[in-house]
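Some notes on the structure that comes next.
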Amino acid sequence: MGRRLCVNDNNHPNNVFIEAIKPAKKDRGVVCQVCGGDLKTRSDDQDEVAIDKRHAIYYDRQNGTLAAVDHFKGEAKKAIQD
């Protein structure tokens, strides 16, 4: 819920809760810490149901994001051993 999107580039990381990627403070409020652009909030970032669904997909070790992470960690270990 702390994610903010840069209006200039959605790939610029900005999150009000993560110290390493906190938006910069300027006279007009907070701005993108990469380029100084204005920030916006995604409407679905305020929807707890949508956030819960994203978390469920991410933490699913059978078919979700962490399943892919586990798979590629295993592949990397194999490659190192070979």
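General observations
- Filter result for residue 38 (without any contact (Cβ under 8 Å) to a residue 60 or more places away in the chain, of a type in the set (Asp, Glu), open to solvent by 50 Å² or more (accessible area, probe 1.4 Å) and under 27 Å from residue 8 (Cα atoms)): yes
- When every residue of the stretch 63-80 is checked against the conditions, none turns out to be at pLDDT below 90 and either touching a helix residue (DSSP H, G or I) at 6+ places or on another chain (Cβ under 6 Å) or open to solvent by less than 100 Å² (accessible area, probe 1.4 Å) (or both).
- Being surrounded by 14 or more Cβ atoms within 10 Å (Cβ to Cβ) and either part of a helix (DSSP H, G or I) or without any contact (Cβ under 8 Å) to a residue 40 or more places away in the chain (or both) is a description that applies to residue 33.
- Pick from the stretch 8-17, criterion in a loop (DSSP other than H, G, I, E, B) and open to solvent by less than 80 Å² (accessible area, probe 1.4 Å), ranking: nearest to residue 48 (Cα to Cα): 16
- Meets criteria (on the phi < 0 side of the Ramachandran plot, part of a helix (DSSP H, G or I), surrounded by 10 or more Cβ atoms within 10 Å (Cβ to Cβ) and among the charged types (D, E, K, R)) for residue 25: no
The values are calculated or read from the model by the stated rules, or taken from the named source; none is laboratory data. Source: prediction; values computed, not measured. Don't worry about glycine lacking a Cβ; one is built from the backbone with ideal geometry, like all the others, and counts go over all protein chains shown. Keep in mind that these areas ignore ligands, DNA and RNA; they rest on the heavy atoms of the full protein, side chains included. Shrake-Rupley method; radii C 1.70, N 1.55, O 1.52, S 1.80 Å.
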